[in-house]
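The values are calculated or read from the model by the stated rules, or taken from the named source; none is laboratory data. On a predicted model such as this, the values are computed, not experimentally measured, just so you know. We place every Cβ from the backbone using ideal geometry, glycine too, and count neighbours over all the protein chains shown. Heavy atoms of the whole protein, side chains included, go into the accessibility calculation; ligands, DNA and RNA do not. Shrake-Rupley method; radii C 1.70, N 1.55, O 1.52, S 1.80 Å.
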Amino acid sequence: MYHKRIKKFPDNFLFGAGTSSFQVEGGIKEGGRGTAVHDLKKPKKGITDFSVASDHYHRFEEDIDLMKELGLDSYRFSISWTRILPDGKNINEEGVEFYNRLIQKLTDSGIKPIVTIYHFEYPKALVDNYKGWLSRESIDDYVNFAGILFENYGDRVKHWLTINEQDHLLKIPERIGFPEEMTGLEYERNAQIANYNMCVAGARVTKLCHEMIPDAKIAPVVNPMPAIPASNLPADLIASMEFNELATYYILDLNCRGEYSPVYRKYLEDRDIFPQINDEDMKLMRDNPPDFIAVNYYMNQTAADSDKEEINLRGREVFVSEEEGIYKIVKNEHIPQTDWGWNICPEGLKIAVMDIYNRYQLPMLITENGLGAYDRLEDGKIHDDYRIDYISRHLSQIKDCIGMGYPVFGYSAWSFIDLVSGREGMDKRYGFVYVNRDNNDLKDMSRIKKDSYYWYKKTIAERGENL
Ligand code: BG6
């Protein structure tokens, strides 16, 4: 659709960038931090673990000075559960004080903190105690954790995020805390129990946030990969719709409407993995919808019909490329890919915004979007024009969405600074700021501004007029 574009982003639009605690902090044995489930996972050969990461734990002041110089309106980060509650139960004042100092430094620098309560880091002690999210006790412990954060930081933090990418988390045993041996039907059934418990926990924390900090806003974080049909065959359109239901909307329907979507319920019942639910929980979810929806967008998908007549259990596959009888994901010749095979489709972000808004009518914050790439340090510089191209094209889609009337109130690029990628260590970098280390050598950990840093600084200063 052709429409008149806005000249600049609105003055109150939040230009931001983000990180998550375990990927950036390091200092995993310092400050009284306890053990998180993923600390125990050995990384792939040649890939670093998370023990030092970008050493933000020791260098956060220098890092926030760089954020200020960049002109960030907001910084999204997560709080390490095990720094606050090392054993999941007892409070560690040193951890509370660490984030207190970090948040104070941000607000003193004129940067709004956006806090993710739970970004993949789960206390190992709670898995040992009662199998983590398989027990309802985890709901209480998560609510207790969130309450401590609201009490200590609620005066300064007005944007909260409940759980980052719950859908993704459920499929990764070392993050959800399921034993390595768990597979097939058992894994799927347990993942559904954990999913349900996490949705109940999210609703309880949303309620608590509204009670404790009436002027704050809170949201779940989802990771849509909106599928488009592979052809003009109606069956392919249906396949793409079903992919979106099974990959994204099932969680948002629980979060925003307190219901299982019909497609998802049927999917679970056909496989005999529908969890036990109760009316009180469903009512709690219905009565406590989020204030907005936080969207992490990296890529879209293209789906074709799968004409097989079988039902399969997937166990813990992180990305399901074919659900027999429902859809299969295919390559799209119009869509290029990153070095890690992730589709690059800026329009997919607009599709996600339009679809999510049409379904839930809630404002949106883009909480992650960025390009993981091999950066090269040459003569003290990093010429990451590929990242500038990626981010500018995605931001331009957001500008378009705002012009069309969709309520997107901020964009948080992933990531502010280089950090340890979920699975690819330091090879796959996302930051505006380079960290001088690699997988095997910590070097001097110095911070170096990439070309994209200067570009983003200009973009923020001009409020996106250049896009
Ligand atoms: C999101 C996560 O799924 O994707 C981040 O919230 C993660 O924690 C990001 O870093 C990019 O994924 P990866 O695997 O390239 O680090």
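With a Förster radius of 41 Å, plug the Cβ-Cβ distance of Asp441 and Arg156 into 1/(1 + (r/R0)^6) and report the FRET value to the nearest 0.05.
Efficiency, from the Cβ-Cβ distance: 0.65.
Can you give the accessible area of Tyr386 in Å² (nearest 10), computed on protein heavy atoms with a 1.4 Å probe?
Around 80 Å² of this residue is reachable by solvent.
Given H placed on each backbone N at 1.01 Å, which residues far from Leu161 in sequence or on other chains put an amide H within less than 5 Å of it?
Close amide H contacts, sequence-distant or interchain: Val115, Thr116, Ile117, Ala219.
Whole-Hz Karplus ³J(HN,Hα) for region 148-158, in order, using 6.51 cos²θ - 1.76 cosθ + 1.60 and θ = phi - 60°, x for Gly and Pro?
Per residue, the Karplus-derived 3J(HN,Hα) values read 5, 5, 4, 5, 7, 10, x, 5, 10, 9, 10 Hz.
What's the extension gain from Arg393 to Glu61 if we count 0.36 nm per residue and subtract their Cα-Cα distance?
116.4 nm
Where in region 240-316 are there trypsin sites (Lys or Arg not before Pro) that are in a DSSP coil and have at most 14 other Cβ atoms within 10 angstrom of their Cβ?
Lys308
Tell me the volume per residue, in Å³, of the convex hull enclosing the alpha carbons of region 1-134. Show your work: numbers first, answer last.
Details: hull volume 23.8 nm³, N = 134.
Roughly 178 Å³ of hull volume per residue.
Within region 205-226, name every residue whose backbone N is under 18 Å away from a label modeled 7 Å from Cα of Thr107 along the Cβ vector.
209-218
In the chain, carbon and sulfur make up what percent of the accessible area (probe 1.4 Å)?
On the chain, the fraction of accessible area on carbon and sulfur atoms equals 49 percent.
With every atom except the alpha carbons ignored, what do you get for Rg and Dmax of the chain, in angstroms?
Just the Cα atoms of the chain yield Rg and Dmax of 21.2, 63 Å.
Ignoring everything but the protein chains, give the 1.4 Å probe accessible area of Lys41 in square angstrom, nearest 10.
Lys41 exposes around 90 Å² with every protein chain in place.
Order Ile402, Ile273, most accessible first, counting only protein heavy atoms with a 1.4 angstrom probe.
Result of the area sort, largest leading: Ile402, Ile273.
Compute, for Met225, the solvent-accessible surface of its heavy atoms (probe 1.4 Å) with the complete set of protein chains present, and express it in square angstrom to the nearest 10.
30
Please list 3J(HN,Hα) in residue order for region 348-362, calculated via the Karplus relation 6.51 cos²θ - 1.76 cosθ + 1.60 where θ = phi - 60°; whole Hz, with x for glycine and proline.
With the stated coefficients, region 348-362 comes to x, 5, 5, 4, 4, 4, 5, 5, 5, 5, 4, 8, 10, 6, 10 Hz.
May I ask you to rank Met404, Met241, Met282 by accessible area, largest first, using a 1.4 Å probe over the protein chains only?
Highest to lowest solvent-accessible surface, that is Met241, Met404, Met282.
Enter the accessible area per residue of region 1-129 (Å², integer; probe 1.4 Å; all protein chains in place).
Accessible surface, normalised per residue, equals 42 Å².
Testing the spin-label approximation: label points 7 Å from Cα along Cα→Cβ at Ser321 and Glu347. State their distance in nm.
2.4
Pull out the extension gain between Leu233 and Lys29, defined as 0.36 nm times the separation in residues minus the alpha carbon to alpha carbon distance; nm, one decimal.
Gain in length upon complete extension: 67.9 nm.
Lysines near Lys131 by alpha-carbon distance under 29 Å, same-chain residues fewer than 8 away left out - which ones?
Leaving aside lysines fewer than 8 places away in the same chain, those within reach of Lys131 are Lys29, Lys41, Lys42, Lys44, Lys45, Lys89, Lys171, Lys207, Lys266, Lys283.
Could you check the spin-label model distance between Glu69 and Asn90? Points 7 Å from the Cα along Cα→Cβ, value in nm.
Rounded to a tenth, the inter-label distance reads 4.3 nm.
Just to check I understand the Karplus step: with θ = phi - 60° and J = 6.51 cos²θ - 1.76 cosθ + 1.60, what whole-Hz values come out for region 104-112, glycine and proline as x?
With coefficients 6.51, -1.76 and 1.60, one gets 5, 5, 5, 5, 4, 8, x, 10, 6 Hz.
With every protein chain kept in the model, how would you rank Leu268, Leu467 by accessible area, 1.4 Å probe, largest at the top?
Leu467, Leu268
Hey, got a sec? Which chymotrypsin sites (Phe, Trp or Tyr not before Pro) in region 190-267 land in a DSSP loop and have at most 16 other Cβ atoms within 10 Å?
Within region 190-267, no chymotrypsin sites (Phe, Trp or Tyr not before Pro) qualify (loop, at most 16 other Cβ atoms within 10 Å).
Rounded to the nearest 0.05, what FRET efficiency do Gln276 and Arg376 have when you use their Cβ-Cβ distance and R0 = 56 Å?
Working: r = 53 Å, r/R0 = 0.95.
That pair, Gln276 with Arg376, gives E of 0.60.
In whole Å, what is the distance between the alpha-carbon centres of region 291-351 and region 255-277?
Between the Cα centres of region 291-351 and region 255-277 lies a distance of 20 Å.
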